[in-house]
1. Take the residues in region 1-23 that are under 15 Å from Leu63 (Cβ atoms) and modelled with pLDDT under 80, then tell me which one is surrounded by the most Cβ atoms within 10 Å (Cβ to Cβ).
2. Identify, please: which residue in region 251-264 is in contact with a Lys or Arg (Cβ under 9 Å, 6 or more places away or on another chain) and not basic (Lys, Arg) and is, among those, most open to solvent (accessible area, probe 1.4 Å)?
3. Name every residue in region 163-179 that is assigned to a helix (DSSP H, G or I) and touching a helix residue (DSSP H, G or I) at 6+ places or on another chain (Cβ under 9 Å), in order of residue number.
4. Condition check: more than 15 Å from Leu18 (Cα to Cα), within 18 Å of the chain's Cα centre (by Cα) and assigned to a loop (DSSP other than H, G, I, E, B). Does Leu101 satisfy that?
5. For region 273-280, state whether one or more residues are closer than 22 Å to Val196 by Cβ, of a type outside the set (Asp, Glu) and modelled with pLDDT of 80 or more.
6. How many residues are more than 25 Å from the chain's Cα centre (by Cα), surrounded by 10 or more Cβ atoms within 10 Å (Cβ to Cβ) and not hydroxyl-bearing (Ser, Thr, Tyr) if we restrict to region 279-302?
7. If you go through region 58-72 one residue at a time, do you hit one that is modelled with pLDDT under 85, within 21 Å of Val11 (Cβ to Cβ) and either open to solvent by 30 Å² or more (accessible area, probe 1.4 Å) or hydrophobic (A, V, I, L, M, F, W, C) (or both)?
8. Using the structure shown, decide if Asp162 is modelled with pLDDT under 85 and open to solvent by 70 Å² or more (accessible area, probe 1.4 Å).
Amino acid sequence: MRVDIFALPVVEIELSRLSSVASPRTSGEDPEHVETLLSAEEALPPILVHRPTMRVVDGLHRLKAARVRGDTTIAARLVDGDESDAFVLAVEANIRHGLPLSLADRKRAALQIIGTHPQWSDRRVASATGISAGTVADLRRCGGETGNEARIGRDGRIRPVDSSERRRHAADLIRNDPGLSLRQVAKQVGISPETVRDVRGRLERGESPTPDGSRRLRTKPHPLGRTEPDIGGAVDRERLAVLEQLKADPALRLSEVGRILLRMLSMHSMDGQEWERILHGVPPHLYGVVAGFARDHARVWAGFADHLENRATNLAAG
């Protein structure tokens with residue numbers, strides 16, 4: 001269910017009509033987060049409610065805060081669709097703003113989504129639950145799923161589970177025209193740009209274009225003639241919508257550290273054209289220096305993400 005929640009009208013709902021069951025957050029409300037919301041001077045963002053069941057999809061802490069204040073109504077946006085889609089929306093909302101779901105909750109949510117949406121790719125489930133595609137694949141195997149011939153990716157396109165033939169097709173295109181971009185090859189073949197990137201790397205190392213190809217190619221490793229990798233790409237509208245949600249979250253908006261984090265995240269939310277403009281603005285004599293800084297910052301962000309994941313794991317074990 002792809003919903004532009006910011007386009008939904010805001011209505012006032014009586015608290016007595018709302019239900020908080022079937023939340024992906026098994027630990028319930030966090031008292032400290034509720035206190036943070038109660039101390040906010042500005043109006044809290046509307047909660048999200050599944051219209052057919054009146055279950056709160058996103059905003060359990062805001063609902064709790066409203067009840068503690070003695071409110072009788074709360075601002076809300078209503079979404080339709082079946083309950084399995086509403087659960088996906090709840091997970092997506094809870095991992096991307098406010099108080100994130102624990103790692104254990106995200107894994108449980110992934111298992112449930114695998115069961116209700118077996119046609120979804122590992123990457124699409126991973127995108128919805130905030131865990132890696134590899135972890136989703138492990139959960140899928142542990143769950144004993146036999147698998148479908150094709151799955152739906154994050155972009156909504158249907159792709160075969162066994163992409164060996166498409167990888168070989170991509171390899172042929174790269175060999176015949178090394179100047180093609182990742183996205184151009186991906187569009188022609190019907191695989192993701194990241195898969196094309198992997199195929200290109202395998203060819204440059206003299207390996208088979210398929211992950212299960214145990215034999216190395218007879219040709220020696222050689223550069224394929226592409227001088228610059230793809231950068232950025234088109235702006236992900238869903239990611240921008242999540243960023244807007246983060247900006248509206250009191251836990252970030254009302255703290256100095258939160259505002260710093262929001263500025264940092266906003267700086268990196270640029271499309272491919274803007275990245276290309278910056279790339280071509282770097283003086284040639286500084287290529288190496290700037291590249292070094294960029295790689296160092298990438299390692300810092302990766303370490304930052306690892307620390308957050310570890311904290312989430314510790315909270316879940318708690």
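1. Filtering region 1-23 for residues that are under 15 Å from Leu63 (Cβ atoms) and modelled with pLDDT under 80, the one surrounded by the most Cβ atoms within 10 Å (Cβ to Cβ) comes out as Ser23.
2. Leu252
3. First, pick out the residues of region 163-179 that are assigned to a helix (DSSP H, G or I): 164-176.
Residues satisfying the conditions are Arg166, Arg167, Arg168, His169, Ala170, Ala171, Leu173, Ile174, Arg175.
4. Values: more than 15 Å from Leu18 (Cα to Cα): yes; within 18 Å of the chain's Cα centre (by Cα): yes; assigned to a loop (DSSP other than H, G, I, E, B): yes.
Here the answer is yes, as Leu101 does meet what is asked.
5. Checked region 273-280: at least one residue is closer than 22 Å to Val196 by Cβ, of a type outside the set (Asp, Glu) and modelled with pLDDT of 80 or more.
6. Residues that pass the stated criteria total 8.
7. yes
8. Judged against the criteria, Asp162 is a match.
The values are calculated or read from the model by the stated rules, or taken from the named source; none is laboratory data. All figures in this text were calculated on a predicted structure; none of them were measured in a lab. Please note: Cβ atoms are built from the backbone with ideal geometry, for glycine as well, and neighbour counts cover all protein chains shown. Quick note on the areas: whole protein, heavy atoms, side chains included, nothing else; ligands and nucleic acids left out. Shrake-Rupley method; radii C 1.70, N 1.55, O 1.52, S 1.80 Å.
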